[in-house]
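A.B. asks: This is the structure I want to talk about, given as structure tokens.
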Amino acid sequence: MRILVIGGAGYIGSHVARAFLDRGYDVTVFDNLQTGLRENLFIEAEFVHGDIMRPEQLREAMAGGFDGCIHLAALKAAGLSMLNPEIYAEANIAGTINILNQASAAAISRVIFSSSAAVYGTPQYLPIDEEHPKEPENFYGFTKLEIERLLGWYDQLKEMRYAAIRYFNAAGYDVSGRIKGLELHPENLLPIVMETAAGMRPKLSIFGDDYPTKDGSCIRDYVHVSDLAEAHVSAFEYIVEHDKSITVNLGSQTGVSVFEMVERARVLTGRSVSADVTGRRRGDPSELVASSSKARELLGWSPKYSDIDTLITSTWKMYEKFTNH
Ligand code: UFG
């Protein structure tokens with residue numbers, strides 16, 4: 001089967017492209033290389049250098065015919081979305097409309113969409129299941145929720161089946177080192193901790209130690225990117241088999257605090273990771289932990305690499321190369 005991976009040169013997209021290739025699919029990657037990296041492209045996959053803001057480039061890429069497309073081409077920094085909503089609206093919402101309309105015109109009837117736990121906002125109960133109220137606290141989460149709604153309409157009106165996958169905190173790198181590109185200008189906790197450990201930045205800011213959690217820092221559910229990638233393949237196969245759209249959470253169901261992550265990284269890297277507690281970051285819920293039972297039941301999914309030690313060591317392997325002290 002032929003799969004178009006839009007955003008397939010990015011951090012998550014390259015792991016997803018790898019997972020489809022490993023399962024024997026014929027993969028084409030479409031990416032504008034703005035945050036995606038050439039090093040993340042695989043020789044076995046065709047590459048189209050294109051931009052989702054240019055419908056004609058999507059049209060041309062989709063003309064070959066695909067059994068499905070995976071949409072990972074988006075901006076993902078929750079904090080920055082609060083400062084630049086216009087850019088997030090354009091890239092995430094308008095960009096997705098382009099993809100859906102071109103897919104519809106090209107008779108591509110299956111879409112796997114990278115959604116996010118950010119659609120839920122502050123948890124009203126834990127762990128968060130898919131029925132939890134959706135009240136995003138940041139603009140990024142709002143864009144993801146809007147796209148899920150669009151997908152619901154395209155399912156109804158155009159028979160476009162979708163899987164909306166709500167990622168919790170994606171982290172880690174392919175454990176066998178097959179992803180070559182290091183994410184540039186990371187905004188997320190673990191790569192920032194690693195940059196600090198590797199001496200690429202002098203210190204890390206811990207955004208708040210006065211949250212109502214066990215140690216005062218925020219708690220997140222970190223899920224390994226290879227586990228996420230595997231779920232995309234299973235979700236695609238589910239919608240092929242059942243001709244039915246689904247929305248699932250993907251998380252490890254384990255909460256890790258910022259302090260715990262930093263402390264464990266110090267132990268596993270053997271580096272001092274200098275950190276200061278600073279003020280809270282806008283739009284940060286205190287605790288997010290997933291219930292992934294729906295993905296486990298429907299997709300037979302279970303995370304293999306999402307324990308904190310594998311998350312840290314697989315990431316550190318990438319950063320160690322950049323150590324300059
Ligand atoms: N944090 C710090 N210092 C930093 C960076 C992060 O203390 O330099 C803290 C944050 O305040 C937060 C935690 O580390 O408490 C995780 O922050 P990230 O920025 O790594 O991740 P977020 O939880 O804000 O968001 C991530 C993804 C989103 C996704 C969300 C779902 O970036 O795309 O997880 O849970 F929607």
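The values are calculated or read from the model by the stated rules, or taken from the named source; none is laboratory data. Values in this document were obtained by computation on a predicted structure and should not be read as measured data. For neighbour counting, all protein chains shown are included, and Cβ atoms are generated from backbone atoms with ideal geometry for every residue, glycine included. Heavy atoms of the whole protein, side chains included, go into the accessibility calculation; ligands, DNA and RNA do not. Shrake-Rupley method; radii C 1.70, N 1.55, O 1.52, S 1.80 Å.
A.B. asks: Write out, first by first residue and then by second, each pair whose Cβ atoms fall under 6 Å of each other, whose residues are 6+ apart or on separate chains, and whose first residue, in region 17-31, is among the polar types (S, T, N, Q) while the second is open to solvent by 10 Å² or more (accessible area, probe 1.4 Å).
C.D. replies: So the pair list comes out as T28/E46.
A.B. asks: List the number of the failed condition for S306; all other conditions in (1) within 15 Å of the ligand (Cβ to nearest atom); (2) in a helix (DSSP H, G or I) hold.
C.D. replies: Checking S306 against (1) within 15 Å of the ligand (Cβ to nearest atom); (2) in a helix (DSSP H, G or I), the one that fails is (2).
A.B. asks: Take L268 and tell me if it is among the aliphatic types (A, V, I, L, M), open to solvent by 30 Å² or more (accessible area, probe 1.4 Å) and more than 16 Å from the ligand (Cβ to nearest atom).
C.D. replies: yes
A.B. asks: Taking into account only those residues within region 125-135 that are within 27 Å of K158 (Cβ to Cβ) and away from the ligand (no atom under 13 Å from the Cβ), which is surrounded by the fewest Cβ atoms within 10 Å (Cβ to Cβ)?
C.D. replies: Checking each candidate, the answer is E131.
A.B. asks: I want to confirm something. Restricting to region 136-184 and keeping residues that are polar (S, T, N, Q) and away from the ligand (no atom under 16 Å from the Cβ), which single residue is least open to solvent (accessible area, probe 1.4 Å)? It would help to see each step written out before you state the result.
C.D. replies: At the first step, the residues of region 136-184 found to be polar (S, T, N, Q) are 138, 143, 156, 169, 176.
Restricting the remaining residues to those that are away from the ligand (no atom under 16 Å from the Cβ) gives 156, 176.
Numbers: Q156: 123, S176: 80 Å².
Going through the qualifying residues, I end up with S176.
A.B. asks: Right, next: Can you tell me which of S286, S226, S252 is in contact with an Asp or Glu (Cβ under 7 Å, 6 or more places away or on another chain) and within 14 Å of the ligand (Cβ to nearest atom)? Explain how you work it out, then say what you get.
C.D. replies: Numbers: S286 fails: in contact with an Asp or Glu (Cβ under 7 Å, 6 or more places away or on another chain); S226 fails: within 14 Å of the ligand (Cβ to nearest atom).
Criteria check complete, one pass: S252.
A.B. asks: Follow-up question, since we're still on this one. Given the conditions (1) in a loop (DSSP other than H, G, I, E, B); (2) under 18 Å from the mean Cα position of the chain (by Cα), which single one is not true for A19?
C.D. replies: Every listed condition holds for A19 apart from (1).
A.B. asks: Next question, about the same structure. Does region 161-168 contain any residue that is aliphatic (A, V, I, L, M) and either more than 18 Å from A290 (Cα to Cα) or not in a strand (DSSP E or B) (or both)?
C.D. replies: No, there is no match, as no residue in region 161-168 is aliphatic (A, V, I, L, M) and either more than 18 Å from A290 (Cα to Cα) or not in a strand (DSSP E or B) (or both).
A.B. asks: Of the residues that make up region 309-325, is at least one part of a loop (DSSP other than H, G, I, E, B), open to solvent by less than 60 Å² (accessible area, probe 1.4 Å), among the polar types (S, T, N, Q) and within 16 Å of the ligand (Cβ to nearest atom)?
C.D. replies: no
A.B. asks: Being assigned to a helix (DSSP H, G or I) and more than 7 Å from the ligand (Cβ to nearest atom) is the filter; apply it to region 192-209 and report the residue that is nearest to R266 (Cα to Cα).
C.D. replies: Only one residue fits best here, namely A197.
A.B. asks: Related question: Need at least 2 residues that are out of contact with any strand residue (DSSP E or B) (no Cβ under 6 Å at 6 or more places or on another chain) and open to solvent by less than 30 Å² (accessible area, probe 1.4 Å) per element, so show me which helices (runs of 4 or more DSSP H) inside region 77-124 make the cut, counting only ones lying wholly within it.
C.D. replies: Ranges flagged: 78-83, 95-105.
A.B. asks: On the basis of being hydroxyl-bearing (S, T, Y), part of a helix (DSSP H, G or I) and modelled with pLDDT of 95 or more, does S252 make the cut?
C.D. replies: Against the criterion (hydroxyl-bearing (S, T, Y), part of a helix (DSSP H, G or I) and modelled with pLDDT of 95 or more), S252 does not qualify.
A.B. asks: Taking the residues in region 35-76 that are part of a helix (DSSP H, G or I) and open to solvent by 60 Å² or more (accessible area, probe 1.4 Å) as candidates, determine which candidate is nearest to the ligand (Cβ to nearest atom).
C.D. replies: E39
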